[in-house]
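Okay, structure first, notes after.
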Amino acid sequence: MILEDNEQILQRKKNLQEIIDLGFSAYTHSYKHTHTIREIVNLYADKTKEELETLHIEVRVPGRIRAIRKMGKAAFITYSDGQETLQIYIRSNEVGEKLWKLFELLDLGDLIGATGFLFRTKTNELSIHSKDLEFLAKALTPPPDKHSGLQNKEIRYRQRYADLIANRDVREVFIKRSQIIREIREYFDSHGYIEVETPMLSPLATGAAARPFVTHHNALDITLYARIAPELYLKRLIVGGLDRVYEINRNFRNEGLSIKHNPEFTMLEFYQAYSDYKDLIKLTEELIAGLVEKVCGTLEVEYEENKINFARPWACLTMREAVIKYWPENLTPPTKEELIDPIILSRLVKELGVDIAPSANAGKLLGALFEHLVEPHLNNPTFITEFPTELSPLSKESKEDPRFVDRFELFIAKMELANAFSELNDPVEQRHRFEEQMQQRAHGDDEAMVLDEDYIRALSYAMPPTAGEGIGIDRLVMILTGQRSIRDVILFPHMRPERKNLEQEDSEDSESSEGSENSEDSKKTSENQNAE
RNA sequence: GGAUCCGUAGCUCAGUUGGCAGAGCAGCUGGCUUUUAACCAGCGAGUCGCAGGUUCGAUUCCUGCCGGAUUCACCA
């Protein structure tokens, strides 16, 4: 078991039993209350001692015990609703023997309700003078240290409940996250979009360059993939005449973890018919600058010792302009034309020591140069446009130069935050692009995109000229809440399973595996399977 | 997957140039009827991540493993 008895847990179990023996119910079914603690604080924080005496406000309020200060026959209990704290004052001669006994059996972390009237103490602290306590639930596990909180990151991520109890600023981050997503919905709902949901499980993992998670449908006996992007489904809806759609949901990519990557992450994708990528530049500025202003109250946001300035208009460079701009100062920069020539590009890549096969196509080489030279500089919001066609199998090519597509990515705080383009709607050209991708797959690139026949069939019904965009919500939340790690904006970030859990799963699995010799061996087997 | 760092009481952290393991909070006992990091007196609490090795002796040194953080790779 994960919950191991120690001195403190045993003591709390004993206290719980004594509470039950006194005739209180162990875990109550509900608690009718007049206020939450934050409501009390909001309503009465500015009332004076005299005002409270005159008003004599009777309240009934639940919360979690954070501290107990006992002075012989009277005591203060500080308790909290997670956001605000309030203190309860009780006297043994007022509550009676039984309730005083209950009080003495309370532990930090227990949930209780207090009934009484509001007053201010000698030191002017707003408090409930309580004559009736109700016991709501026992904390068998002691809460983290009341001053230093919970620091251990592993426990914070694995046991987010404990993190939320101990660290109030963590709660603030996730409240902000919720607010951000609400504001995004509000923006699209008020701009004629409808919110849709498309499959998370699909027979094809396509619409992005990434490796998928694989699963199996028993009844149909087929392989299914957790989606890597909703893109192709959303554009099917544009074909069907839903001219403006958006979806906020999870994507799953089977790749390494990092400070900026979680295997499941939340993506906003939206598509707008009869528009092109330039329309989305304006929309993106308006959406994100509006969000920043609402959530942060300013357009200048502090992030990792830098200031990010969201004042519009944002910088906009083509990929080749950006590469030339950030070319190492001691070297002669190439010309724009040189930056699409595969022979020159492979020479440049070698000279700069960029880690990519020099035999890659011109688009990939340019992309690698960009990542190497430019990305680390893009702190303020910057749109990068004019992507190589080879990197963009779903984008419409540029009228001026078919080697490039009408696409942009938005970078903020050195992170890719958004990706948008004019959608390729020519089914013949789309098939051609897919086939090129499939060729790359055949040559061992298992992230090249998979051909989707039904998507081509959908395009053959005619899709309007359309612009579409994806925005990484987790990264956006990181920037707006000042968090450096994506794990601090995801409630339950992906972690390796705890060893104790692994052992549990193994014993459940072992019924299907033939006579497993010892648990050490079967553990290794399951770890290997997970790794593949 | 590679590199670096980390894992000591419920929590936050000291510490041991290899010799019986320490503090604050939390817990227990007692005192205290307006405290607020309450206070005062006393007490208990540990597989020093796990498994081996070296050693008279390992929490400390070495190796492997588990878990975490950071970073590189992967991942636009």
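The values are calculated or read from the model by the stated rules, or taken from the named source; none is laboratory data. Just so we're clear, the structure is a prediction, and the values are computed from it rather than from any experiment. Note that we place each Cβ from the backbone using ideal geometry, even for glycine, and neighbour counts take in every protein chain shown.
Structure data summary
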read-out: Any hit, region A:212-229, residues being farther than 21 Å from A:Ser422 by Cβ, among the aliphatic types (A, V, I, L, M) and within 16 Å of RNA strand B (Cβ to nearest atom); value: yes
read-out: Region A:129-146: number of residues that are in contact with a strand residue (DSSP E or B) (Cβ under 7 Å, 6 or more places away or on another chain) and either more than 10 Å from RNA strand B (Cβ to nearest atom) or of a type in the set (D, E, K, R) (or both); value: 9
read-out: Lone qualifier among A:Arg156, A:Arg120 - being more than 6 Å from RNA strand B (Cβ to nearest atom), outside the structural domain of A:Tyr44 (by TED's automatic domain parsing) and of a type in the set (Lys, Arg); value: A:Arg156
read-out: Some residue of region A:79-97 being more than 9 Å from RNA strand B (Cβ to nearest atom), closer than 30 Å to A:Glu498 by Cβ and aromatic (Phe, Trp, Tyr); value: no
read-out: Subset tally (residues that are within 13 Å of RNA strand B (Cβ to nearest atom) and not aliphatic (A, V, I, L, M)) for region A:162-183; value: 2
read-out: The one condition in (1) more than 23 Å from A:His494 (Cβ to Cβ); (2) surrounded by fewer than 18 Cβ atoms within 10 Å (Cβ to Cβ) that A:Phe270 fails to fulfil; value: (2)
read-out: Residue within region A:51-71 that is in a loop (DSSP other than H, G, I, E, B), modelled with pLDDT of 95 or more, of a type in the set (A, V, I, L, M, F, W, C) and more than 13 Å from RNA strand B (Cβ to nearest atom) present; value: yes
read-out: Residue identified as closer than 16 Å to A:Glu390 by Cβ, free of Cβ contacts under 8 Å to residues at least 12 places away in the same chain and either in contact with a Lys or Arg (Cβ under 9 Å, 6 or more places away or on another chain) or assigned by TED's automatic domain parsing to the domain that holds A:Leu391 (or both) among A:Arg441, A:Arg433; value: A:Arg441
read-out: Matching residues, region A:98-109, being in contact with a strand residue (DSSP E or B) (Cβ under 7 Å, 6 or more places away or on another chain) and more than 10 Å from RNA strand B (Cβ to nearest atom); value: A:Leu99, A:Leu102, A:Phe103
read-out: Residue check for A:Arg38: among the basic types (Lys, Arg) and in contact with a Pro (Cβ under 9 Å, 6 or more places away or on another chain); value: no
read-out: Search result, residues across region A:361-395 that are assigned to a loop (DSSP other than H, G, I, E, B), among the aliphatic types (A, V, I, L, M) and modelled with pLDDT under 95; value: A:Val374, A:Leu378
read-out: Residue satisfying all of: in region A:397-410; of a type outside the set (Gly, Ala, Ser) and surrounded by fewer than 23 Cβ atoms within 10 Å (Cβ to Cβ); nearest to the chain's Cα centre (by Cα) among these; value: A:Glu409
read-out: Any hit, region A:436-451, residues being among the β-branched types (Val, Ile, Thr), modelled with pLDDT under 95 and farther than 30 Å from A:Arg244 by Cα; value: no
read-out: For A:Val301: the one exception among (1) under 16 Å from A:Asn419 (Cβ atoms); (2) β-branched (Val, Ile, Thr); (3) part of a strand (DSSP E or B); value: (1)
read-out: Among the residues listed as A:Leu339, A:Leu234, A:Leu280, the single one being surrounded by 19 or more Cβ atoms within 10 Å (Cβ to Cβ) and not assigned by TED's automatic domain parsing to the domain that holds A:Met478; value: A:Leu339
read-out: Number of the exception - A:Asn419 against (1) more than 23 Å from A:Leu459 (Cα to Cα); (2) near RNA strand B (Cβ under 9 Å from one of its atoms); value: (1)
read-out: Selection status of A:Asn249, over 24 Å from A:Phe370 (Cα atoms) and either within 16 Å of RNA strand B (Cβ to nearest atom) or of a type outside the set (Ser, Thr, Tyr) (or both); value: yes
read-out: Hits in region A:276-322 (condition: of a type in the set (Gly, Ala, Ser) and within 28 Å of A:Lys396 (Cβ to Cβ)); value: A:Ala289, A:Gly290, A:Ala315, A:Ala322
read-out: Within region A:377-400, considering residues that are closer than 16 Å to A:Ala322 by Cβ and hydrophobic (A, V, I, L, M, F, W, C), the one nearest to RNA strand B (Cβ to nearest atom); value: A:Leu391
read-out: Subset tally (residues that are of a type in the set (Lys, Arg) and surrounded by fewer than 16 Cβ atoms within 10 Å (Cβ to Cβ)) for region A:110-159; value: 4
read-out: Test for A:Ile180: is it in contact (Cβ under 8 Å) with a residue 40 or more places away in the chain, outside any loop (DSSP other than H, G, I, E, B) and under 17 Å from A:Phe265 (Cβ atoms); value: yes
read-out: First in region A:155-166 and touching a residue at least 40 places away in the same chain (Cβ under 8 Å), second anywhere and near RNA strand B (Cβ under 8 Å from one of its atoms), Cβ under 6 Å, 6 or more apart; value: A:Tyr157/A:Arg487; A:Tyr157/A:Pro493; A:Tyr157/A:Met495; A:Arg158/A:Met495; A:Ile165/A:Pro143
